[in-house]
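Below you'll find the structure, written out as structure tokens, and then a few comments.
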Amino acid sequence: MNAPLNPNPTPAPAVPTASERIRARLVAAGRRFHANDNISDVIQGPGELAALEDEVATRLQALL
């Protein structure tokens, strides 16, 4: 039986989700982000908005 090359591999860093990236920007700017707060100015481009929409849809499906 062959031993693994690295018995304790370091896991690859996780890619932050759209919501994690947006939250980090809000925290760095010292801004609150309550349910009715407008955060549109920290969303960077249509690609990030689409990624956020997909993430929310996935989480809502899991909730239901």
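The values are calculated or read from the model by the stated rules, or taken from the named source; none is laboratory data. Everything numeric in this text was worked out from a predicted model, so none of it was measured. Neighbour counts run over all protein chains shown; Cβ positions are idealised from the backbone, glycine included.
Looking at segment 1-12, can you tell me whether even one residue there is surrounded by 10 or more Cβ atoms within 10 Å (Cβ to Cβ) and of a type outside the set (Lys, Arg)?
Applying the first criterion (surrounded by 10 or more Cβ atoms within 10 Å (Cβ to Cβ)) to segment 1-12 yields none.
No - not one qualifying residue is present in segment 1-12.
Could you tell me whether segment 21-40 includes any residue that is among the charged types (D, E, K, R), exposed (fewer than 14 other Cβ atoms within 10 Å of the Cβ) and in a helix (DSSP H, G or I)? For segment 21-40, residues among the charged types (D, E, K, R), exposed (fewer than 14 other Cβ atoms within 10 Å of the Cβ) and in a helix (DSSP H, G or I): absent. Residue-level check: of (1) assigned to a loop (DSSP other than H, G, I, E, B); (2) on the phi < 0 side of the Ramachandran plot, residue 54 misses just (1).
Condition first: at pLDDT below 90 and among the β-branched types (Val, Ile, Thr). Can you find one or more residues in segment 9-28 that meet it? Yes, that holds for at least one residue. Each residue in segment 11-27 was checked for being without any contact (Cβ under 8 Å) to a residue 12 or more places away in the chain and touching a helix residue (DSSP H, G or I) at 6+ places or on another chain (Cβ under 8 Å), and 1 of them qualify.
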